[in-house]
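What follows is one structure encoded as structure tokens, with my remarks underneath.
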Amino acid sequence: MKKRMLGLLLIGSIILASAGCSSAPTATTAAETESSDLTESLTEIDLALPVAGHEGWELPGTLTLPEGDGPFPAVVLVHGSGPNDRDETIYQNKPFRDLANTLAQKGIAVYRYDKRTNIYGQDMVSDINLTLEDETVIDAANALALLKEQPDIDSSRIFVLGHSLGGDALPRINQLLADSGNTAAGYIFFAAPARQLSDIMREQYDYIYSLMPVLTNDQQAQKEEAYSQLDRLQELDSLDDSKPILGAYPAYWKYLRGYDQVQTADAITSPCLVLQGEEDYQVTMEDFNIWKGAYGDRENWTFKSYAGLTHLFTPGKKENASAAYLKAQTVDTRVIADIADFITTH
């Protein structure tokens with residue numbers, strides 16, 4: 001159940017294998033070889049993240065350090081939907097590894113870790129009370145606290161980058177950090193939804209099916225079932241809490257229904273950078289414009305969108321949907337340069 005649930009923001013299973021789940025290992029690509037050559041001067045440290053409330057649970061992680069002496073500014077990477085590994089592997093693409101290697105080349109340390117549902121998915125599958133809090137928020141806040149203890153890290157300059165559903169979670173992560181007396185130096189909203197997940201999912205289904213004017217009988221049945229499930233999300237209070245819907249138990253959806261990420265972000269006083277690919281069909285320019293409409297006049301918020309880039313901030317066209325992810329690519333250098341500039345100037 002969990003592997004279906006956590007691919008929701010990357011709906012490609014209608015046409016292709018789900019792009020929200022980590023793919024099987026693949027052969028080494030030219031991009032990987034080039035990345036290896038570029039990172040010979042970097043240091044990678046295995047740094048496991050303890051899972052709060054679960055004795056003995058740890059999330060394997062990697063702290064990538066720049067060349068030279070610290071302490072360095074750092075950024076924690078928070079995954080999007082799916083039981084992601086620390087690289088956020090999607091087919092042959094590894095956007096979080098791209099960010100770690102290239103930002104470290106620019107003097108910024110990066111911490112990335114395997115998602116809780118990647119490591120302990122089988123243990124969590126029967127947890128009918130699981131929410132975004134347990135899946136993402138708590139671990140991200142604890143990752144920042146863990147980095148503060150590292151001697152090579154400047155504890156006053158730790159940023160948090162959230163991709164997709166991880167970006168949705170950033171305002172709540174900020175709240176949790178504040179409650180514990182911690183704070184992030186800044187937040188990077190990396191293709192972050194500004195609307196309810198159920199609404200975005202319906203929009204994704206609408207768009208994907210608009211690309212398929214003729215459906216097979218099986219595809220038509222899948223379409224009808226998908227929309228039936230989406231309709232059921234309008235009746236959450238009458239659903240059986242022990243029966244999953246669209247791969248998640250009602251508690252997960254009720255949490256999201258009660259969470260307004262845009263309103264919650266009003267409490268953020270740290271610098272914020274909102275980035276968006278203009279060819280993104282999963283989290284669209286509508287979301288970007290909602291964020292900008294809410295906070296575009298605040299001095300601590302910066303907004304940038306990129307023509308020709310997808311949800312992974314790699315080159316592609318919206319009409320290719322998740323087929324754009326089948327080719328091994330790396331995160332666009334303009335995007336990484338803008339992230340580095342944001343971090344180094346704050």
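The values are calculated or read from the model by the stated rules, or taken from the named source; none is laboratory data. Small disclaimer: the values here were computed from a predicted structure and weren't measured. Cβ placement follows ideal geometry from the backbone for every residue including glycine, while neighbour counts extend to all protein chains displayed.
Taken over the stretch 84-113, the criterion of being surrounded by 24 or more Cβ atoms within 10 Å (Cβ to Cβ) and assigned to a loop (DSSP other than H, G, I, E, B) is satisfied by Asn84, Glu88, Lys94, Ile108.
Of all residues in the stretch 279-301, count the ones that are polar (S, T, N, Q) and either closer than 21 Å to Asp98 by Cβ or in contact with a helix residue (DSSP H, G or I) (Cβ under 7 Å, 6 or more places away or on another chain) (or both).
Within the stretch 279-301, the first condition is being polar (S, T, N, Q), and the residues that meet it are 282, 284, 289, 300.
Among the residues that remain, those that are also either closer than 21 Å to Asp98 by Cβ or in contact with a helix residue (DSSP H, G or I) (Cβ under 7 Å, 6 or more places away or on another chain) (or both) are: 282.
Total satisfying the criteria: 1.
Residue-wise test of (1) surrounded by fewer than 24 Cβ atoms within 10 Å (Cβ to Cβ); (2) assigned to a helix (DSSP H, G or I); (3) touching a helix residue (DSSP H, G or I) at 6+ places or on another chain (Cβ under 8 Å); (4) of a type in the set (Val, Ile, Thr).
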position: Thr117; (1), (2), (3), (4): no, yes, yes, yes
position: Ile128; (1), (2), (3), (4): yes, no, yes, yes
position: Glu135; (1), (2), (3), (4): no, yes, yes, no
position: Ala141; (1), (2), (3), (4): no, yes, yes, no
position: Pro151; (1), (2), (3), (4): yes, no, no, no
position: Arg157; (1), (2), (3), (4): yes, no, yes, no
position: Leu161; (1), (2), (3), (4): no, no, yes, no
position: Gly166; (1), (2), (3), (4): no, yes, yes, no
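Listed by first and then second residue, the pairs with beta-carbon distance under 7 Å, at least 6 apart or on different chains, first residue in the stretch 46-75 and at pLDDT below 95, second of a type outside the set (Ser, Thr, Tyr) and part of a strand (DSSP E or B), are Gly70/Ile153.
Let me confirm something: among Asp266, Asp280, which residue is more than 17 Å from Leu161 (Cα to Cα) and in a helix (DSSP H, G or I)?
On the way: Asp280 fails: in a helix (DSSP H, G or I).
Of the residues listed, the single one that is more than 17 Å from Leu161 (Cα to Cα) and in a helix (DSSP H, G or I) is Asp266.
Which residues, counting only those in the stretch 228-248, are surrounded by 14 or more Cβ atoms within 10 Å (Cβ to Cβ) and in contact (Cβ under 8 Å) with a residue 24 or more places away in the chain? Let's see the steps before the verdict.
Looking only at the stretch 228-248, we keep the residues that are surrounded by 14 or more Cβ atoms within 10 Å (Cβ to Cβ), and these are 229-230, 232-233, 236, 239, 244-248.
Hits for the stretch 228-248 are Leu230, Leu233, Pro244, Leu246, Gly247, Ala248.
Collect the residues in the stretch 150-179 that are among the β-branched types (Val, Ile, Thr) and either modelled with pLDDT under 95 or touching a Lys or Arg at 6+ places or on another chain (Cβ under 8 Å) (or both), keeping them in residue-number order. Result: Ile158, single match.
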